[in-house]
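All remarks here apply to the structure that follows.
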Amino acid sequence: MQHDYDPRGIETAAQAFWDEHQSFKAVEDPAREKFYCLAMFPYPSGRLHMGHVRNYTIGDVIARYQRMQGKNVLQPMGWDAFGLPAENAAIKNGIPPSQWTRSNVAYMKGQLRSLGFGYDWDRELATCDPDYYRWEQWLFTRLMAKGLAYRATAVVNWDPIDQTVLANEQVIDGRGWRSGAPVQKREIEQWSVRITDYAQELLDALDGLTGWPEQVRTMQRNWIGRSEGVYMEFGLAGSAEVLGIYTTRPDTVMGVTYMAVAAEHPLARRAAETDPGLAAFIEECRRGGVSEAEIETMEKRGYPLGLNAIHPVTNETVPIFAANFVLMGYGTGAVMAVPAHDQRDWEFAEKYGVPKRQVIHSPDGSPCGIEACAYVEKGVLRDSGPFDGLTSAQACDAIATWLQERGKGEKRVNFRLRDWGVSRQRYWGCPIPVVRTPDGGVRPETNLPVLLPEDVVVDGSGSPLKRMPSFSELPNGEFRETDTFDTFFESSWYYARFCSSDCTTAMLDERARYWLPVDQYVGGIEHAVLHLLYARFFHKLMRDEGLVDCDEPFTRLLTQGMVVAETWYRGGADGRKEWFNPADVEVTRDDKGKMLHAVLKADGQPVLFGGIEKMSKSKNNGVDPESLIARYGADTVRLYTMFTSPPDQSLEWNDDGVEGAYRFLKRLWTLASAKAQPIGAAPAVADLAADLDGATAAARREVQAALKKSLFDYERQQYNTVVSGCMTMVNALYRLDDSPGAQAVLREGVSICLRLLAPIAPHVTHHLWQELGFGADILDAPWPAVDEAALRQDSIEYVLQVNGKLRGKVTVAADADRAAVEAAALAADCVRRYTQVGVPGTDDARCVTPQISEVRVRKVIVVPGKLVNVVVN
C-alpha cells in the first residue's frame, strides 16, 4: 500500500471499477425495497458551480447510504436543455442553440463523473431530444381532447428583453425572472392548461406531504390561495349588463362607495373609445407593475369611466373607475371598493375625493374612526339596513343568503391560482403540437413528434420558426403553431421519464409504477412554486391518463441551503462596482478573526468588503470546482461541502475549511497505511472483548458511541455531524498501541469508519476497503451496527461545578442512582472546600470556610452521565 495519499490515482481507479462493474445500474426487482433518489437536474450552462456540487453531493450521499442499507436504488441524471439562456448565448456567439447546448452537456457530464456521483448513466436524458419531448406533445393532445388545454386571448406578462410571455410565477418583483427587465402587460393569444381544475386537490394533498419542509408547503398553500367568499352582481345604470365581483368581505357591502375595474376590462376599453384621456391612462397601466407586491406598494391611481354601478342591496348608484391596482387576470377584473374598511380603497378615495362610509364598528364599542386610515377589523354592522347589529361572521352568511334568494349572488370558493400559460414566443423549445386550419380553427397534430429544426442560427429578432415556411406551412392552407412550450413543461415530468427513459412506445411503461413516487428529491427552495407545483400538477395529469398509480411525485423533499462567500469590490468613477474574486484578495485579520484591511494581490491596493453573498458570476465570488478537484481531489470537495454545515442551511465558503477536510483524509490514509499489515492480521474483537485493557476498551467505547450517534444523524440527514463522528473515531484509533486487543479494536474501528464515510468520500474509502482486505466493494458491505455491550461502563466520570464554575471531577459507579451521585459530588474535596457541608439531616446545614463565612447548599443539579452543579449562597 502506497505511503502517500494520492487522490487523483485513487479516484480514477475507483471510478473505473464502478464503470466496469456497472455499480449504479438500476434494475427493477419487485423482491427488493426500492429507493428512488433524485436531485433537480441542471441546465447545461457550460460549467458546474459550487451550488451544483453541493446539491448533487447531498443527493449522492443519500443514494449511497440507501444502497448500503440493502435497498434497490435508482439515481439518474439528465439535462434541462431547452430555454432562453441557450438561445441568448447562441445569438451572442452566432451558433445554433443545439450546438451550444450539446457541447455544454458533454463538458458538464465530464465534471459530474469526476466527482464520483453514482448515477445510472444508461437512463440519461435531455429534454431537447425528440425521444423525450414527443411524449409531452402527445400528452398535450390528450389534454386538448379533454378540454384541459385551450387557446384564448388574455392579458399576459411580457418580457421585453427575452421577447416572450412569462407565467405569473416567473415575475419576481415586477421583473422577468431571467432577464430582470420590467415586465409589461400585453394582450395576446396563448395556450393555457387548466391547473385551476386541480386547485383544490393540489391544496388538500399538501397535508399528506409530511416529508416536505413546512416552508415549502406554506408557499404552495399561499400561491394556490383558497378563499371562501361571495360572488355578487352590481347592475350598470342605463344598461342590462351586470358587473360581477368576488369578495371575501361581504359584511362590508353596505359601505361600497365606488367600483374599480382593471384597465383592460371591457367596460374600460369601451369607454376609452370616446375618451382620449382614459385611453392614455389605459396605455400607461399596460406598462405598470404586474406583481401583487408591486401593486400593493405603488401609488393608487385611477380614471373615471363616466359610468355608474347599481348597488345590489340599496339600488344606489356608485361611480366606476379604471384603477391601476386591479388586475384583469385575478377574479373578474373588477372589485367593490369599501374605503372605510380597506386601506387600498381608503388611499384611493382620499386621492380622488370619493366618500367613505363606515359600516363596521368595534364589537366592544371602543372608538374606531376612519379619519386616519381604514378600519379593517371585523366587528358589528351599523348603518347596514336589514343587517344592522349582526357580527361580521353572521352578516357574511346573511348577506350571501339575501343575495342568492334574489338572484344577485352566491357563496363561492375562489383561488388565487391562475391557469398555467404555456406558450412562449421563442425558438429553442418544444414545438406546441397544434395545427391551425384555414377557417380559424385548431386541431391537434397527429404526426408526432413535431420536430424542432435544429440547424438554425437565431438573431434575436423573434422566433425564426415564424419565418420558416418549411416548418410552419402545411398542405391545404393549414399551418403549424410556431409558439413553443414554457420550459417548465419539460421539467415537470422528467422525474417520471427516468423510470423508462428508453421506452419508444409510450410516455411511461410499467417500470414507472415500480419506481414512483420519488422517495427523496433534493433541490433549491427557489423552485417551491415555479417547479414543484407544476410537477405535482403534471403528475396528476399523468395519473388521470393511467400512466402512474400514485397521487404525488415526491415523498420526501430536501431543500439545500445556498453556498455563500465573501464579496470584494472597488467603486468606479461611473458609480459601477468592479467585483474581485476572493482568491485574488489578501485579507489581514486580528487574532480574533476580525477583518482589519484587504488588498488586491495583483496591485496591493485596497478593496472593499461587499458582504457575504450567494456565489454568482455577477459578484465574482464563485469557486471553480475543477480547480479544487485538481488540487485536493473530489473526496475533499465532497467532504467539505457535507462537513461545513447541515444540508438545509447555507454553507459559507472558507478555503481553510477545504484544507482541513484534505488534512483529515490524509490522516485517515496515514492511519490505514501505517498499520495496514497489523489490521489485516488482527483477531476479531468478539474473541478478545472481555480481556481489553482500560485504555483499549475506552477507545472502543468512543468509537461505538460515535457510531451510534452517526447512525442517528444519517437518518436525519445531518451529515456534518456524521463527519465529526468519523473524526472522533480516527482520533480514538490513533491512541491504540500494538497489542492484539488494540489491533482488533483498530480493525473494527477502521471498518466502521470507512463504511460511515463511504457515502460522503466514496473513492478513498473504496480503495482502503480493498487494500485492508475487508472486501472487494464497500458498497456491498453490511452497514455497521452498534455493539451496545461495548457502551456499557463500570464507572462514569462526572464534571463537578460549584455555582456553574468547574472545580474538578469525580468517578462513580455506572449504575449509581441520583442520590449516590449527589453524595459523591458533595463529598469530593474540590467541592467541600467551597461548602464544608454540616451534619446531614439538620435543618440548616451551615459552616465556616476560609472563603465564605456562611454557606448554604441551595440546590444540587445532576445531569445524568455528565456533570453535577452544586449551587450555594
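Considering each of GLY633, GLY572, GLY657 in turn, give the residue that is surrounded by 12 or more Cβ atoms within 10 Å (Cβ to Cβ), over 26 Å from the mean Cα position of the chain (by Cα) and among the small types (Gly, Ala, Ser).
GLY633
Does region 568-608 hold any residues that are out of contact with any Lys or Arg (no Cβ under 9 Å at 6 or more places or on another chain), part of a loop (DSSP other than H, G, I, E, B) and in contact (Cβ under 8 Å) with a residue 12 or more places away in the chain, and which are they?
ASN581, LYS601, ALA602
Is there a residue being crowded, with 21+ Cβ neighbours inside 10 Å, without any contact (Cβ under 8 Å) to a residue 24 or more places away in the chain and under 18 Å from ARG8 (Cα atoms) anywhere in region 640-654?
The answer is yes; a qualifying residue exists.
Of everything in region 492-519, what is of a type outside the set (A, V, I, L, M, F, W, C), over 20 Å from GLN137 (Cα atoms) and crowded, with 23+ Cβ neighbours inside 10 Å? Give them in sequence order.
The answer is none; no residue qualifies.
What residue, among those in region 49-89 that are aromatic (Phe, Trp, Tyr) and within 24 Å of ARG497 (Cβ to Cβ), is surrounded by the most Cβ atoms within 10 Å (Cβ to Cβ)?
Per the criteria, the residue is PHE82.
Among the residues of region 123-150, which ones are farther than 25 Å from ALA86 by Cα and either among the acidic types (Asp, Glu) or touching a strand residue (DSSP E or B) at 6+ places or on another chain (Cβ under 9 Å) (or both)?
Listed by number, the residues that qualify are THR141, ARG142, LEU143, MET144, ALA145, LEU148, ALA149, TYR150.
Which one of THR257, THR252, THR247 is more than 37 Å from the chain's Cα centre (by Cα), closer than 22 Å to GLU410 by Cβ and polar (S, T, N, Q)?
THR252
Could you check how many residues of region 193-239 are under 17 Å from ALA528 (Cα atoms), aromatic (Phe, Trp, Tyr) and not in a loop (DSSP other than H, G, I, E, B)?
Qualifying residue count, region 193-239: 1.
Can you confirm whether VAL821 is surrounded by 11 or more Cβ atoms within 10 Å (Cβ to Cβ), modelled with pLDDT of 95 or more, in the same structural domain as VAL703 (by TED's automatic domain parsing) and of a type in the set (A, V, I, L, M, F, W, C)?
So VAL821 fails the test.
For region 416-443, which positions are over 30 Å from ILE95 (Cα atoms), within 41 Å of the chain's Cα centre (by Cα), modelled with pLDDT under 95 and not aliphatic (A, V, I, L, M)?
Scanning region 416-443 gives ARG416, ARG418, ASP419, TRP420.
Restricting attention to region 532-555, which residues are under 15 Å from GLU490 (Cα atoms) and among the small types (Gly, Ala, Ser)?
ALA535
Counting only residues that are among the charged types (D, E, K, R) and outside any helix (DSSP H, G or I), which one in region 810-835 is farthest from VAL863 (Cα to Cα)?
ASP815
Suppose we keep only residues that are touching a Cys at 6+ places or on another chain (Cβ under 9 Å) and assigned to a helix (DSSP H, G or I) within region 487-508. Which one would you say is nearest to ALA26 (Cα to Cα)?
Of everything passing the filter in region 487-508, ARG497 is nearest to ALA26 (Cα to Cα).
The values are calculated or read from the model by the stated rules, or taken from the named source; none is laboratory data. The structure displayed is predicted, hence computed values, not measured ones. We place every Cβ from the backbone using ideal geometry, glycine too, and count neighbours over all the protein chains shown.
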